[in-house]
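Reviewing the structure listed below.
Just so it is clear, none of the values below were taken in a lab; they were calculated from the coordinates. Everything numeric here is computed off the predicted structure, so don't read it as measured data. Here the Cβ positions follow ideal geometry from the backbone for every residue, glycine too, while neighbour counts run over all protein chains shown.
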Amino acid sequence: MNIQPLRITLKDTYTMLGLSRSGLERLMKKDANFPTPIKLGDTRQSAVFFDYQEIIDWHNTSKRLAA
């Protein structure tokens, strides 16, 4: 059984996409269709996650648009 994560960390997200942290931040500002991060808490230090499936869906859609 292959279980996929529901949430992935900010670091896992930019690593998975082959970007640096600043590269991911630029992509998030540039691409309005990029998934919205999930912040757990109200403080600046609160952890930030992304929904795994939303990242996969965004990636697949962006590949089709680029082809």
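Worth pointing out:
- Quotient of the Cα radius of gyration of the chain and 2.2 N^0.38 Å, N being its number of residues: 1.15.
- Expected 222 nm ellipticity per residue - DSSP helices of 4 or more, -39500 (n - 2.57), all of the chain, to 500: -14500 deg cm²/dmol
- 3J(HN,Hα) couplings calculated from phi for the stretch 31-44 with the Karplus curve 6.51 cos²θ - 1.76 cosθ + 1.60 (θ = phi - 60°) are, in sequence order, 9, 5, 8, 5, x, 6, x, 10, 9, 9, x, 9, 8, 4 Hz; Gly and Pro show x.
- Remark: the chain carries a charge dipole of roughly 240 debye about the Cα centre, counting +1 on each Lys and Arg Cβ and -1 on each Asp and Glu Cβ.
- DSSP-loop trypsin sites (Lys or Arg not before Pro) across the stretch 28-59, with at most 11 other Cβ within 10 angstrom: 44
- Relative packing of peptides 45-51, 3-9, 60-66 - highest average C-beta neighbours within 10 Å first: 45-51, 3-9, 60-66
- Between residue 25 and residue 2, the C-beta separation translates, for a Förster distance of 30 Å, into a calculated FRET efficiency of about 0.45.
- Taking amide H as placed 1.01 Å from N in the peptide plane, residue 7 has its amide H under 5 Å from the amide H of 52, each at least 5 places away in sequence or on another chain.
- Using C-alpha pairs below 8 Å separated by at least 6 residues, the relative contact order for the chain is 36 percent.
- Reach of residue 63 by Cα under 16 Å, taken over aspartates and glutamates that are not fewer than 8 positions away in the same chain: 31, 54
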